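Notes follow the structure.
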Amino acid sequence: MLGKLAGNAMMPFGVGGIGRRALIGLAAMLAVGAVSAQATPYLVADADSGQVLMENEATAQWYPASLTKLMTVYVALDAVRGGKLTLDTPLVMSMRAARMPPSKMGFRPGTEVTLDNALKMLMVKSPNDVAVMVAEGVSGSVEAFAGDMNAAGQRLGLQESHFVNPNGLHDPAHVSSARDMAMIARALLREFPDHADLFSIGALQLGNQYIANHNGLLGRYPGADGMKTGFTCPAGFNVVASANHSGRRLIVVVLGAPTARSRNQEAADLFDRGFAMGGGNGSLESLPSSSAGAPNMRADVCLRRNAAAIAAAEDGDFAEPTQAAASAGRGAPFPNPFAALLTPVARTVLSDERIRFDPVPVFLGPAPGWKGPALGARPTGTATASDNTQGVDANPPPTAPHGARQKSGRKLIRHAALETKGPKVMAAKIVKPKTDAGESDK
C-alpha cells in the first residue's frame with residue numbers, strides 16, 4: 001500500500017549522502033509499520049472529475065453509521081425534484097420514529113417539522129428520530145424508504161452498499177464503502193448544487209437551544225465546507241468531508257478511526273496531501289470491488305470506554321479525553337512524527353478547541369401560510385430488526401393522523417427558512433472544550 005503514497009513523497013531533504021538515505025529508510029520503515037498496523041479505509045477524490053488521488057481499502061465493506069444520512073438526504077431531495085413533496089411539506093413524528101435511540105431531537109409523536117428543517121437537523125445534529133420521520137414522510141415507511149435508497153444506489157453505480165434504514169443504526173446487513181460514500185457525496189454536490197449549504201451549517205438555533213455541528217473540520221480546516229460524520233461502536237468514527245481550495249474541491253472519506261480527534265486529523269492530513277497533488281489514478285467507478293465483509297470495530301473502539309463515554313459519543317458530545325491515540329493521526333498517509341520527513345507538504349494541525357458559529361434558525365410546525373397536508377407513516381408491513389436495537393416495540397401503535405398537531409412541550413418558533421452560504425464564525429468563537437469522556441459523533 002505504501003506504493004500508493006510514497007511515489008511522490010521521497011524527495012531530497014537537504015541531508016547528504018548516507019545520512020540522508022538512512023533517515024529516509026528509517027522514516028519509511030516506521031511509516032510502513034504504522035500504516036500496515038493501523039490503517040483502515042480512506043479515500044481522496046476530486047469532486048469534479050471523480051478521479052481518485054489516494055486510497056486504501058476504499059472498496060472494503062464497512063458499517064457507515066450516520067454517513068447513511070447523506071443517502072437519506074439524496075433520496076429526499078430526489079423526491080422533491082420529482083414533485084413528490086416540497087421542502088415546506090410538514091412531516092409528522094411517529095411513535096416508531098420517536099422511539100429511536102440517540103442521537104435524537106426527542107420530539108413527541110405528532111410533532112410536525114418541515115422537510116427543510118428536518119434536513120438541516122439531520123446534517124447538524126444527526127438525529128435518528130428525524131431520519132425515520134423523513135423516511136416515513138417521503139416513502140411511507142422505513143422499509144419502503146430503504147428500498148428507495150437501494151434503488152438510488154443502483155442508479156448511482158454503488159457497488160458495496162446495502163441500506164436497511166435511514167439513520168445508520170447498526171445492522172449487519174447495512175453496509176457501504178469509502179468509494180460508495182464518496183460517490184454519494186459527489187452526486188449530492190453535482191445534482192443538487194443549490195442545496196450544498198445543507199452540509200456546511202456550523203450550528204442551528206431551535207428556540208433557546210444552540211445545536212453545534214459534529215463535523216470537527218468546519219471552521220478548523222481552511223476551505224472545509226461539509227459534509228457528514230458518523231459513529232457507532234461497530235463502525236468506529238467515520239467522516240465524509242469536502243473542502244475547496246481556489247475552486248478545486250476534494251472529497252475525503254475516513255472510516256473506522258478510534259477517536260473523533262484522530263478521524264478529523266486524518267481527514268485534514270489527507271486534504272493537505274490531496275491538494276498538493278496533481279492528477280488522479282483512475283476513477284471512483286474503476287476501483288475493483290472487495291469481497292470481504294465489514295469488520296466489527298467494537299473491541300478496538302469501545303472496549304476500554306465506559307457506558308457514559310459511549311453514550312456521549314453516540315449523542316454527539318464534542319469533547320474527548322486527551323490521549324496519545326487521539327492525536328496520532330491513525331491510519332493517515334504519513335503518521336506523526338515522521339510526516340515532515342516523508343513529504344514537503346505543510347501539515348494543518350487542527351485545533352481541539354470548540355468553535356462557535358452564527359446559528360441557522362430552525363422551527364417546529366408548518367411553514368407560515370402552509371395549506372397542504374402533513375406527511376407521515378402510511379400503513380406498511382412489519383418493522384425491521386435494525387429498528388429494534390434498544391429492545392423497544394418494533395411495531396408501535398399508529399402515528400397521529402396526517403395534519404394532526406400535538407403540542408411537543410418545546411417552544412414553537414416560526415421563522416422563514418434561512419438560506420445559508422456556509423458556516424459563519426461568531427466573533428467570540430473559541431470555547432475551551434470539556435475534559436470528560438465523551439467524543440463527537442454522528
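Where a number appears in this text, it was derived from the coordinates with a stated rule and is not lab data. The structure displayed is predicted, hence computed values, not measured ones. Don't worry about glycine lacking a Cβ; one is built from the backbone with ideal geometry, like all the others, and counts go over all protein chains shown.
In table form, for the structure just shown:
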| item | result |
| --- | --- |
| Most positive-pole-ward Cα, 259, 206, 242, against dipole of the stretch 173-296 from beta carbon charges | 259 |
| For residue 227, residues with placed amide H under 5 Å, excluding near neighbours | 240, 241, 242 |
| Summed residue charge, Cβ within 12 Å of residue 60's Cβ, Lys/Arg positive, Asp/Glu negative | -3 |
| Overall dimensions of the stretch 76-218 by Cα: Rg and Dmax, Å | 14.7, 43 |
| Per-residue Cβ neighbour rank within 10 angstrom, fewest leading, 184, 355 | 355, 184 |
| Translational D in µm²/s for the stretch 151-296 (Stokes-Einstein at 20 °C, 1.002 mPa s, Kirkwood Rh from C-alpha pairs) | 130 |
| Loop-located GluC sites (Glu not before Pro) in the stretch 87-191 whose Cβ has at most 14 other Cβ within 10 Å (DSSP) | none |
